[in-house]
Amino acid sequence: MKTITKLGLVTFAFAVTLYSCKQAEATAEEAVSENVKLEKSADTTSSVVEKKDMNRKFIRTADIKFKVKNVPQSTYAIENTTAKFGGFVTYTNLQSDISEKTKTKISQDSTLETTKYNVENNITIRVPNTQLDTILKTISKQIDFLDFRVIKADDVSLQILANQLAQNRSTSQEKRVLKAIDTKGKKLTTIIDAEENLNAKKEANDSKKLENLSLQDQVNFSTITLQIYQRETIKQEIVANEKMHRQNIGSKIIDGLRTGWFMLEEIIAFIIQLWSLFLIGIICFLVYKKYLKK
């Protein structure tokens, strides 16, 4: 009897365990199913948002100022990130600004030169609009202290549409003016006025076209302006003092004799150059003594 009771208890426990496992599996399947539904719902919502915003055109810009540990290293990292995600650098100005410079004489032969300076860089980069968020997150790894971060998104959809409509009107007017020139232009003055009007219409059309191209370029490539700087740096360097060498008396005497000899050579050469004057003087003296004196 006891054996039967024990067997019943074991069977009951096994059935309870089996039922619990099935319930857990059902719960897990329901959870997975619910997650799938949520993912599908999220995908659908994302698609709906994309479809709604498909006709929207945004010019996105970012202006960020922050402190880094090392400006040159962060500059190279930002440039590499920009190139990695298909962007390009349009401006960079890396420079050091000296705030203080002192010299302290520490011995007869050396001086300690202390320089305090700030390193900063202003960078402008253009990046694909679709990669703007990724690049900003990557650049944020360089931030040691954030001063400010401003991101703008200007909707230029209506402006682009207005330019396209203006282009269409200008094209239609061009065709009418051109047709009038071909069919009704008889006098030269009339033709010239019509041609000038046609050129004005073409210039207006080209202007709107170029403006749309510029807007589309700004839509495709976002502009990021970065101002980065680091903590004030102190550089100390020991430099040798300039030694003043005094000439001894022996070398002075030798230099004096050498200089005097050079001057004597110059005088002798100058006198020799005047030989013709001495010769003329001697001839005049002999003529005077021989003839004029008598």
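Structural remarks
- Entirely in region 68-169, the strands (runs of 3 or more DSSP E) that have 3 or more residues that are under 17 Å from the mean Cα position of the chain (by Cα): 88-105, 110-128
- When residues in region 140-170 are screened for being in contact with an Asp or Glu (Cβ under 6 Å, 6 or more places away or on another chain) and surrounded by fewer than 14 Cβ atoms within 10 Å (Cβ to Cβ), 1 of them pass.
Where a number appears in this text, it was derived from the coordinates with a stated rule and is not lab data. The shown structure was predicted, so the numbers you read here are calculated from the model rather than taken from an experiment. Ideal geometry is used to build each Cβ from the backbone, glycine not excepted, and the neighbour counts take in all protein chains shown.
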